[in-house]
1. Sort out which residues of region 351-374 are modelled with pLDDT of 90 or more and of a type in the set (A, V, I, L, M), and write them in order of number.
2. Just to verify a result, which residue in region 345-355, among those that are assigned to a helix (DSSP H, G or I) and open to solvent by 60 Å² or more (accessible area, probe 1.4 Å), is nearest to A377 (Cα to Cα)?
3. Among the residues that make up region 269-286, is at least one of them over 23 Å from V25 (Cβ atoms) and among the aromatic types (F, W, Y)?
4. Among (1) open to solvent by 40 Å² or more (accessible area, probe 1.4 Å); (2) of a type in the set (S, T, Y); (3) modelled with pLDDT under 90, there is one condition T340 misses while meeting the rest; what is its number?
5. Need the failing condition index for S454 against (1) closer than 21 Å to S40 by Cα; (2) open to solvent by less than 30 Å² (accessible area, probe 1.4 Å); (3) assigned to a helix (DSSP H, G or I), just the number.
6. With respect to V237, determine if the residue is more than 22 Å from the chain's Cα centre (by Cα), among the hydrophobic types (A, V, I, L, M, F, W, C) and in a helix (DSSP H, G or I).
7. Could you list, in sequence order, all residues of region 356-370 that are open to solvent by less than 70 Å² (accessible area, probe 1.4 Å) and either among the polar types (S, T, N, Q) or without any contact (Cβ under 8 Å) to a residue 24 or more places away in the chain (or both)?
8. Under 17 Å from A467 (Cα atoms) and within 18 Å of the chain's Cα centre (by Cα) - does that describe any residue in region 289-312?
Amino acid sequence: MDAAPKAGRREWIGLAVLTLPTFLVSIDLFVLLLALPNLSADLGASSTQQLWINDVYGFLLAGFLLSMGTLGDRVGRRKLLLVGAVAFGVVSVLTAYASSPEMLIVCRALLGVAGATLMPSTLALIGTMFADDGQRARAFSLWGGTFTLGAIVGPLLGGVLLAHFWWGSVFLLGAPVMLVLLVVGGRVLPESRNEAAGRIDAASVLLSLAALLPLIWGVKELARDGWAAAPLGAVVVGLAAGVVFVRRQIALTDPVVDVGLLRHKVISTALVAQLCYAVTGGGVMLVMMLYFQLADGMSTLRAGFAMLPGMAAATFGFMVAVPFLAARIRPAVLISAGLTGTAAVLAVFTQISGDAATETLIVGFAVFSFCGSALVALGTGMIVGSAPQEQAGSAGSLAQMSNEFGGTLGAALLGTLGFAVYRASVDVPAGLSAADTATAADSLAGASVVAADSPDAVAGPLLDSAAAAFESGVHAVAAVGCVLMAFAAVLVARRLRHLPPIGQAQPEAAEPEPVAG
């Protein structure tokens, strides 16, 4: 077999351009977490609206990822990437000047649709540009490291912007970044497509949205308010639409997503592991950022600095530790050992309390981020590299869906779980009006606002009770994440043990093993 051609200078410049959307998405995510208290106060957003402002971007992005990945395979990945860059830049400006929670939610939804055009094309182009296994692994590792770099810059930049400008200034970053992508990407990125691809099936696109949005809304409402007919019905509708969607993909000649990709052992295992890690990470980071600012009283800038050790540890893992170890240790051993470490950290998080909680969260998150870097650095490359080249866009959309949707799902579901535990645990002192009592019982942010306008005899006990209740929410989120990480560690250790270290030859295999179910 001939050796795969090596990538040259043009391809590495192209990789630098392709990291820009990832960098921007990462900055947006972490800046938004910092901006939530500010925009909630300015726009009067309730706790439910806060979650939707944070979540709706990921929901719509996930809902359109599969169709956009297939669309890129058919019309051209570079073309779709550049069109999406224009849309993302324009909507970013609109988002910055939203004047109400409802308008901000709509703008974030439009950003999600625009963002869905970026990531699948990015991953597919990386897989196409880097044919050599070693270079491809390195490219995806650098790409993953860019997300962490954005996570480092995001809190710092966001803290500075929020300290000197209004909350909407953080969204204006999208316009210049997308302009650079347009100018440079149009010159150095190659076009690639699947010439045999058919048309996009509109019914499949609608079914994917009909499955995703009601399901997530229903689960969020059930976690928030308990059993009720409307959210339970939404869950049933979402599950039914999901079943119909899968059956339609099996029957179609040109499906939106080739279910056959999920029968590949490496692809399916990496997708599930990435989903578990992203769900856990999204939930943990949300409650950490809220805890730093609302329970510990940090400014947005200090909260951003508090996340730096974790981001630095992840960057070291992406850039140095994982490339060095992956060439010597089998992926199953390296990834499962890291996931076991993340589970151990979360087990510690279930016990945090009092004055030591903040330090424990900061140090623990650094260990969590370093341990998870192996999965993030290697998982996407394994997914895209294991798929046929003509389906690179579809594989890339699946990989990005597991990451992006998983993070949003974690912030939504685990964040909702944390809020639900808070409401069940908080003890609001007597002497407050009915409106203030309801506000304080709704969220830690609400309790902080009420305490600021209350006498010391009421404010002190209220803040103490609210902080303790929020710690209970953190415990619940960490416990669920610990279970997910332990499951993912066992899954990877069992199902990927046949893979050799990155860059070493793999024995010829027969047809991919089907996945049960």
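The values are calculated or read from the model by the stated rules, or taken from the named source; none is laboratory data. All values reported here derive from a predicted model rather than from experimental measurement. Because the Cβ atoms are built from the backbone with ideal geometry, glycine has one as well, and the counts that use them run over all protein chains shown. In case anyone asks, the SASA skips ligands and DNA or RNA and just uses the protein heavy atoms, side chains included. Shrake-Rupley method; radii C 1.70, N 1.55, O 1.52, S 1.80 Å.
1. L361, I362, V363, A366, V367
2. Step one: of region 345-355, the residues assigned to a helix (DSSP H, G or I) are 345-349, 354-355.
Of the ones still in play, those that are also open to solvent by 60 Å² or more (accessible area, probe 1.4 Å) are 348, 355.
On the way: V348: 25, D355: 35 Å.
For region 345-355, the residue satisfying everything is V348.
3. Here is the first cut: in region 269-286, the residues over 23 Å from V25 (Cβ atoms) are 269.
Narrowing the set further to residues that are among the aromatic types (F, W, Y) leaves none.
No, the conditions are met nowhere in region 269-286.
4. (3) is the only condition that T340 fails.
5. (3)
6. Working: more than 22 Å from the chain's Cα centre (by Cα): yes; among the hydrophobic types (A, V, I, L, M, F, W, C): yes; in a helix (DSSP H, G or I): yes.
Yes, satisfied.
7. Step one: of region 356-370, the residues open to solvent by less than 70 Å² (accessible area, probe 1.4 Å) are 356-358, 360-362, 364-369.
Scanning region 356-370 gives A356, T358, T360, G364, S369.
8. Kept after step one, since they are under 17 Å from A467 (Cα atoms), are these residues of region 289-312: 289-299, 303.
Subset that is within 18 Å of the chain's Cα centre (by Cα): 289-290.
Among the residues of region 289-312, at least one is under 17 Å from A467 (Cα atoms) and within 18 Å of the chain's Cα centre (by Cα), which makes the answer yes.
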